[in-house]
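These notes concern the structure reproduced below.
The values are calculated or read from the model by the stated rules, or taken from the named source; none is laboratory data. Keep in mind the model is a prediction, meaning the values are calculated, not measured. As a convention, Cβ positions derive from the backbone with ideal geometry for all residues, glycine included, and neighbour counts pool all protein chains shown. Surface accessibility is based on the protein's heavy atoms, side chains included, excluding ligands, DNA and RNA. Shrake-Rupley method; radii C 1.70, N 1.55, O 1.52, S 1.80 Å.
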Amino acid sequence: MRYISTRGQAPALNFEDVLLAGLASDGGLYVPENLPRFTLEEIASWTGLPYHELAFRVMRPFVAGSIADADFKRILEETYGVFAHKAVAPLTQLGANEWVLELFQGPTLAFKDFALQLLGRLLDHVLTRRNERVVIMGATSGDTGSAAIEGCKACDNVDIFIMHPHNRVSEVQRRQMTTILGDNIHNIAIEGNFDDCQEMVKASFADQGFLKGTRLVAVNSINWARIMAQIVYYFHAALQLGAPYRSVAFSVPTGNFGDIFAGYLARNMGLPINQLIVATNRNDILHRFMSGNRYDKDTLHASLSPSMDIMVSSNFERLLFDLHGRNGAAVAALLDTFKTTGKLAVEDDRWTEARRLFDSLAVDDEATCRTIAEVYGQCGELLDPHTAIGVRAARECRRSLAIPMVILGTAHPVKFPEAVEKAGVAQAPALPAHLADLFQRPERCTVLANDLKAVQGFVGQHGNRGKPL
Ligand SMILES: *Cc1c(COP(=O)(O)O)cnc(C)c1O
């Protein structure tokens, strides 16, 4: 499989190089040159497969030529073997023909484990073969950091540096990062906010002199391997509910358009999905596009669903590429305009094309809490605030009651106690068994000033298993 850039000017790469690349050299994002397409008979033959075997069939075309079948099978079995539930991604029924897909049974209790557990193992496999070491730098407001550290902790060839804003992530989220100890794991608390952390990552990619030739790898949601891994659970859920001879709809809590873009790809690969609902919080740039063809930048609003607090959606460019007949020059022109004006709209017929599949809703904190209480009252299920936004959007935007509606359950409620408390439901959620002693575990973390040179100096001093590069 070859991958091309959404802006049309960067060289095509194979899977292995895309795995190790961040942005394409023309500033675009990598996408498959040709999407695999499965027949209904083929998809039907996967009914009842264990998760890792389904994952092998869905993802095999994407890694073809880079990862041998036997290796890929072993990696997938290991990856999904660490999940706490035997079904890996179980479905829980909330109402009539309405289901939550529980994507929080992984080590860090959020859906990001599906991709980052795999990404860490793929990196290790590829780097061992190449006899190469890399440095990962990432910024997190919570979920990505812990999932990335958990995914990479066993990688001999990776040193991972995760920056979070000092005193601005929840205690559970901080401890999920800082209690994973290892020579190659480096938590940095920055005396600044999340944007300061992200800016330092960006600046480090732009000028890598401080790395003395060591390659820098990105683990944010623009990494193609993350999108690829998320396609699988759309197939998994739909097959449980009668696909491919019956259609299914999905409602997806989204910020960077990564998770829902994976659903869009699943549909283009042959899975009969009749509706995809974009569910956002007050940071609603995606809702403004889907409801009115206005992709206009706004300021950032802090919400009770912080993992979706974004101003622009980094993966939206991948949808724009398809809406423009995969014309990279057209996408580059649109994004240049967006960069200077902060505004973007597409031609009417392209927008109408998007609306054939996508609906959307923006849900504020008050409605989020109300939905947590409503669902708890109806069936005793306790939702996290992100998932609750998905449920609200599903209930308000649903096109057909006859078609099963699946809401992606993106996190365990224990990660976001503030929203659960505000919802006023009786019982506070408890930590699952594998994290029961989280508050007793020793932590390791370095506090640094909001200063690029200090951070880069720290990476240079510790980037080789705790020793200087
Ligand atoms: C990251 C995250 C999201 C948003 O995912 P996108 O890929 O940005 O769409 C939603 N919910 C939770 C809990 C998350 O951690």
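Computed quantities for the displayed model
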| read-out | value |
| --- | --- |
| Boolean, Val252 is within 16 Å of the ligand (Cβ to nearest atom), surrounded by 23 or more Cβ atoms within 10 Å (Cβ to Cβ) and either part of a helix (DSSP H, G or I) or free of Cβ contacts under 8 Å to residues at least 24 places away in the same chain (or both) | no |
| Any hit, the stretch 418-426, residues being touching a His at 6+ places or on another chain (Cβ under 8 Å) and either touching a residue at least 60 places away in the same chain (Cβ under 8 Å) or assigned to a loop (DSSP other than H, G, I, E, B) (or both) | no |
| Test for His186: is it in contact (Cβ under 8 Å) with a residue 24 or more places away in the chain, assigned to a strand (DSSP E or B) and away from the ligand (no atom under 13 Å from the Cβ) | yes |
| Checklist (1) assigned to a helix (DSSP H, G or I); (2) more than 22 Å from Gly263 (Cα to Cα) applied to Pro107, failing item | (1) |
| Out of Ser307, Ser314, sole residue that is closer than 30 Å to Val172 by Cα, open to solvent by 10 Å² or more (accessible area, probe 1.4 Å), within 12 Å of the ligand (Cβ to nearest atom) and part of a helix (DSSP H, G or I) | Ser307 |
| Pair list, Cβ under 7 Å, 6 or more apart: the stretch 42-53 residue closer than 16 Å to Ala243 by Cα, other residue among the basic types (Lys, Arg) | Trp46/Arg57 |
| Residue within the stretch 353-375 that is part of a loop (DSSP other than H, G, I, E, B), in contact with a helix residue (DSSP H, G or I) (Cβ under 8 Å, 6 or more places away or on another chain) and not hydrophobic (A, V, I, L, M, F, W, C) present | no |
| Meets criteria (more than 14 Å from the ligand (Cβ to nearest atom), β-branched (Val, Ile, Thr) and either crowded, with 20+ Cβ neighbours inside 10 Å or without any contact (Cβ under 8 Å) to a residue 60 or more places away in the chain (or both)) for Thr371 | yes |
| Of residues in the stretch 171-209 being open to solvent by less than 40 Å² (accessible area, probe 1.4 Å) and over 22 Å from Leu438 (Cβ atoms), the one modelled with the highest pLDDT | Ile190 |
| Within the stretch 383-412, tally of residues that are away from the ligand (no atom under 14 Å from the Cβ) and open to solvent by less than 10 Å² (accessible area, probe 1.4 Å) | 4 |
| The lone exception for Phe261 - which of (1) among the hydrophobic types (A, V, I, L, M, F, W, C); (2) surrounded by fewer than 19 Cβ atoms within 10 Å (Cβ to Cβ); (3) within 13 Å of the chain's Cα centre (by Cα) it fails | (2) |
| Single residue of the stretch 81-113 satisfying the filter (more than 16 Å from Ile407 (Cβ to Cβ) and surrounded by fewer than 24 Cβ atoms within 10 Å (Cβ to Cβ)) that is nearest to the ligand (Cβ to nearest atom) | Pro107 |
| Every residue from the stretch 336-361 that is open to solvent by 30 Å² or more (accessible area, probe 1.4 Å) and within 22 Å of the chain's Cα centre (by Cα) | Leu361 |
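Okay, residues lined up against (1) part of a helix (DSSP H, G or I); (2) open to solvent by less than 40 Å² (accessible area, probe 1.4 Å); (3) among the aliphatic types (A, V, I, L, M):
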position	(1), (2), (3)
Gly22	no, yes, no
Gly28	no, yes, no
Ile43	yes, yes, yes
His52	yes, no, no
Phe56	yes, yes, no
Met59	yes, yes, yes
Phe62	yes, yes, no
Ile75	yes, yes, yes
